[in-house]
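Some notes on the structure that comes next.
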Amino acid sequence: MEKQKIPCDFLWGGAVAAHQLEGAYEKGGKGISIADVMTAGANGKDREITDGILPDRYYPNHQAIDFYTRFREDIRLFAEMGFRCFRTSIAWSRIFPNGDESEPNEEGLKFYDELFDELLKYNIEPIVTLSHFEMPLHLVRKYGGWRDRRLIGFFVTFAETVMKRYKDKVKYWMTFNEINNQSSVQNPWSGWTNSGILYREGEDVQTVLQQAVHYEMTASAITVKTGHEINPEFQIGCMLAMVPYYARTCSPQDELAAQTAMAHRLYYYGDLHVFGEYPAYMEAFRREKGICLDITADDLKCLKEGCVDYIGISYYMSSTISSVETEGSVKAAEGIYLAPNPYVEKSDWGWQIDPQGLRYSLNLLYQRYRKPIFIVENGFGAYDKLEMGKVHDPGRMEYLRQHIIEMKKAMFLDGVPVMGYTPWGCIDLVSAGSGEMEKRYGFIYVDKDNQGNGTLMRIKKDSFQWYKKVIESNGEQL
Ligand code: BG6
C-alpha cells in the first residue's frame, strides 16, 4: 500500500492577531479598542482593564512588535520559512474607529490592502479572523458591548465592508475568535475580550453571557450568508477554543460532569455554528434556570441560513473535570471542578501539554460535525534566552513535533480532514492572557521585554530552520 501523505495543498503557515503584533494603536485613524485599555499582567497575575488609557500604566499592545511598520520585513521571513498561509485578524477599530460609523476609514482599509498584497506577492494565502479580542472601545462605552442587539448590525457592516474590499485577495475567513472562551465566566477577562462585557454586581451572569452569544451567533450567521453572496468561493469558518474535558475518574458522576462541561463550554457554540440551531441541552438549561432571552424568529432563520463551511480551532491543552473538589482543583460551576491531570506535564504557565489530546479533539469534532477542520492555533509559550545572537528552543520544536505527529495520526488513521496547521505566534508577540512579551511562541525572536524595553530586532530561533524543513517536506521531516 502506498504511504499516506499530507495533501499538497495543505495550508502550513503561522497565526497572529492584529492587536497582539501591529502596535500603532493610534496611527492611520485607528480608534481605541478594548485591547488598548489592558495593562500588562505577569505569569499568574491578571491584566488590569482600565477605564480608558491612564497616563501611569503600561499598555503592551500600544506598540506591540510594531508589525504595522515592519510587516514587509516580517513577511519576508515567513516566506523564507515557506509559509503557504498566514492567519491574522483585521482590527475592527482600524476600519470603523468607533464601530458605529456608516463610512469606513480608508486609511485602515489601505493598510490591509498593502498587507494582503505583500503576502500574495509570496503566494502566501491570507487567512482572516474578523473579530479577535479587539472590538472598538466606543461600542462598549455607548452600547455595553455585545449586551446590545445593535452590535449585530455594526459587526455585519464591518464584515461586509472588508469582505467586499478584499474579495479577490482573501478566500478564508473566520468570524469570532475562540467564541466559546467566554464560557469560563469565573475569569472576568474572557467576557471582556470576547464581548466587551464586564459582569455587574448582582446581575445573572448566565443571562448576560447567553444573550451576548446569541447576538454574536446571529451576526456570525448573517456574515457567513453575506460572505457567500459576495464571493461564492469564500470559505467561512467559526473558531473554537478546543479544550477537551476528560473525566478525572471513570465514576459516572465525573463522566457526567465532563460531558456537561463539553456541552456548555464547547458544543453549544459548535452546534450553533454548524447546525444553525439551538441544542436541546441548552434550551433545557435555560428553561430550568428561568433564563429568558431576546431571540426572534428572524434570528433563528438567520442562524439556519448561515452555517459555517469549516471549523477553525485553537488547541493548546486538555483539561480534566471532577464532580467533587479534589487536591488542586478549581470550581468552575456547580458540581464541576477543573482538576490537575497527573498523566501530563505542564508549561511554565501551567498549561497542560497533551499532544494526544489533539488527535482526540480532532476525532471528537469530526465525528460530531463532519466538517473539515483547520488547526489555526497551536503552540508552546515559553521563556527563551537570547545568547550570543542565538535562541535555542528545543522545547518548542518538541511540542510542535509531537502535535504534528498526532495530527497526522488523526488524518491517516482516523480519516479526519485537516485543512491546515498554523502555529500560534509564529513571531513573538504580546500574550493575550498575561500581556507579557516574554511568554514567547515564535520561530522569530523579537527583542523586547515585559516592560517594553528592547530594539524590536528580529532574530531567527533554531525552530525557524526546523519549521522551514517541516513545510518543505510537507510534514515528512519532523
Ligand atoms: C488564544 C488566543 O487564546 O491563545 C490568542 O486566540 C492567544 O489570542 C493564544 O494569544 C495564547 O494565549 P496567551 O495567553 O499565551 O497569549
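See the values below:
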item	result
Residues of segment 168-191 classified as surrounded by fewer than 24 Cβ atoms within 10 Å (Cβ to Cβ) and either touching a Gly at 6+ places or on another chain (Cβ under 8 Å) or under 18 Å from I222 (Cβ atoms) (or both), total	3
All positions within segment 370-404 that are part of a helix (DSSP H, G or I) and either open to solvent by 60 Å² or more (accessible area, probe 1.4 Å) or more than 24 Å from A17 (Cβ to Cβ) (or both)	P394, E398, R401, Q402
Residue selected from segment 345-354 under the condition over 20 Å from A257 (Cα atoms) and within 16 Å of the ligand (Cβ to nearest atom), by the criterion most open to solvent (accessible area, probe 1.4 Å)	K346
Filter result for the condition that a residue is open to solvent by 30 Å² or more (accessible area, probe 1.4 Å), within 30 Å of V128 (Cβ to Cβ) and more than 18 Å from the chain's Cα centre (by Cα), over E229, E255	E229
Candidate set from segment 313-344 (those that are among the aromatic types (F, W, Y) and away from the ligand (no atom under 16 Å from the Cβ)); member that is surrounded by the fewest Cβ atoms within 10 Å (Cβ to Cβ)	Y343
Of residues in segment 429-448 being among the charged types (D, E, K, R) and more than 13 Å from A40 (Cβ to Cβ), the one nearest to the ligand (Cβ to nearest atom)	R440
Residues within segment 112-136 that are part of a helix (DSSP H, G or I), open to solvent by 10 Å² or more (accessible area, probe 1.4 Å) and not charged (D, E, K, R), tallied	1
Condition met for P417 (within 16 Å of the ligand (Cβ to nearest atom) and under 19 Å from C85 (Cβ atoms))	no
Selection count where residues are within 11 Å of the ligand (Cβ to nearest atom) and of a type in the set (S, T, Y), scope segment 185-214	2
Residue that is farthest from the ligand (Cβ to nearest atom) [pool: residues in segment 15-42 that are crowded, with 22+ Cβ neighbours inside 10 Å and part of a strand (DSSP E or B)]	S33
Options E103, E134; residue that is charged (D, E, K, R) and under 24 Å from I75 (Cβ atoms)	E134
Any hit, segment 152-167, residues being open to solvent by 10 Å² or more (accessible area, probe 1.4 Å) and either within 16 Å of the ligand (Cβ to nearest atom) or not in a helix (DSSP H, G or I) (or both)	yes
Matching helices (runs of 4 or more DSSP H) fully within segment 231-320 where at least 3 residues are closer than 30 Å to F380 by Cα	252-262, 268-275
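The values are calculated or read from the model by the stated rules, or taken from the named source; none is laboratory data. Quick caveat: nothing in here was measured; it's all calculated off a predicted structure. When we count neighbours, we look across all protein chains shown, and the Cβ atoms used for this are built from the backbone with ideal geometry, even at glycine. Note: areas computed on protein heavy atoms with side chains; ligands, DNA, RNA excluded. Shrake-Rupley method; radii C 1.70, N 1.55, O 1.52, S 1.80 Å.
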